[in-house]
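The values are calculated or read from the model by the stated rules, or taken from the named source; none is laboratory data. None of these values were measured; they are calculated from a predicted model. So basically every Cβ, Gly included, is an ideal-geometry build from the backbone, and we count neighbours across all protein chains shown. Ligands, DNA and RNA are stripped out before the accessible areas are found, and what is left, the full protein with its side chains, is counted by its heavy atoms. Shrake-Rupley method; radii C 1.70, N 1.55, O 1.52, S 1.80 Å.
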Amino acid sequence: MLNSKRAIYISPLLLAVSLALSGCASFEGDYGDANQAQIIDDKWNPTDATLTVQKMVKDMSAAPWVQNWREDMQKKSSDRPFVLVDDMENRTSEIIDTKALFEDLRSQILNDGKVRFLDGDARKKILDEYKYQQSGVVKKGHVKGPGNQFGADFFLSGAISSIVSKQGGKSSVQYQIEMKLVNISTGELVWSGIEKIRKNFKRSSVGW
């Protein structure tokens, strides 16, 4: 029996497509301006967070809640209340880093110098450190213990929700972000800020 051999011809176009699909495609990228407004898709994005923080910082700084606290508590004009960031409820169907939103807000308000913040996330770790230092393993004179921490005067919390509308190839999404401050001593709501962001989109179908 004779062995027959066949030559296999591979089209250059087919070879190029195969290489691209196998991960050999090139990649290019550069750094963009973090402060420049951008809309890439119909989801919550960094521009939405920036606009929200700017609005909330402005409203929160202009409201008289700090001055009212000083008068009610008979504080000096130089005294600053302590704020504890509670939580922001995400009522949307998206995955949103609400913690980063609060961190940005806290940083800007803190640098303004009118209020002081307490780190709620660090409290449990601090308690564990107290127990460790008082267990006898830490050198005398270096032990830290409870009794010197400041108590919060206000809770800062919030919520973010969205309404999505679609019709044909058009869609829109409106986010509503609310933040509020509650006086811990009285339970009074002393400040509330709302920011609404609406974005419209038009999709076009692209076929092969």
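Observations on the structure shown:
- Of all residues making up the stretch 192-208, the number that are surrounded by 10 or more Cβ atoms within 10 Å (Cβ to Cβ) and either at pLDDT 80 or above or out of contact with any Gly (no Cβ under 8 Å at 6 or more places or on another chain) (or both): 10
- Residue check, K76 loosely packed, with under 13 Cβ neighbours inside 10 Å, closer than 21 Å to A159 by Cβ and at pLDDT 90 or above: no
- Taking the criterion of being in contact (Cβ under 8 Å) with a residue 40 or more places away in the chain and either within 16 Å of F150 (Cα to Cα) or in contact with a helix residue (DSSP H, G or I) (Cβ under 8 Å, 6 or more places away or on another chain) (or both), the residues of the stretch 98-123 that qualify are A100, L101, D104, L105, Q108, I109, D112, K114, V115.
- Filter result for the condition that a residue is in contact (Cβ under 8 Å) with a residue 12 or more places away in the chain, open to solvent by less than 80 Å² (accessible area, probe 1.4 Å), touching a Leu at 6+ places or on another chain (Cβ under 8 Å) and of a type in the set (A, V, I, L, M), over V182, V173: V182
- Flag if S162 is in a strand (DSSP E or B), in contact (Cβ under 8 Å) with a residue 12 or more places away in the chain, closer than 29 Å to M56 by Cα and open to solvent by 30 Å² or more (accessible area, probe 1.4 Å): yes
- Residues in the stretch 124-138 that are more than 14 Å from Q149 (Cα to Cα) and open to solvent by 90 Å² or more (accessible area, probe 1.4 Å): D128, K131, Y132, Q134, V137.
- Some residue of the stretch 130-139 being closer than 30 Å to I109 by Cβ and either in a strand (DSSP E or B) or touching a helix residue (DSSP H, G or I) at 6+ places or on another chain (Cβ under 6 Å) (or both): no
- Filter result for I126 (hydrophobic (A, V, I, L, M, F, W, C), without any contact (Cβ under 8 Å) to a residue 60 or more places away in the chain, more than 22 Å from S185 (Cα to Cα) and assigned to a strand (DSSP E or B)): no
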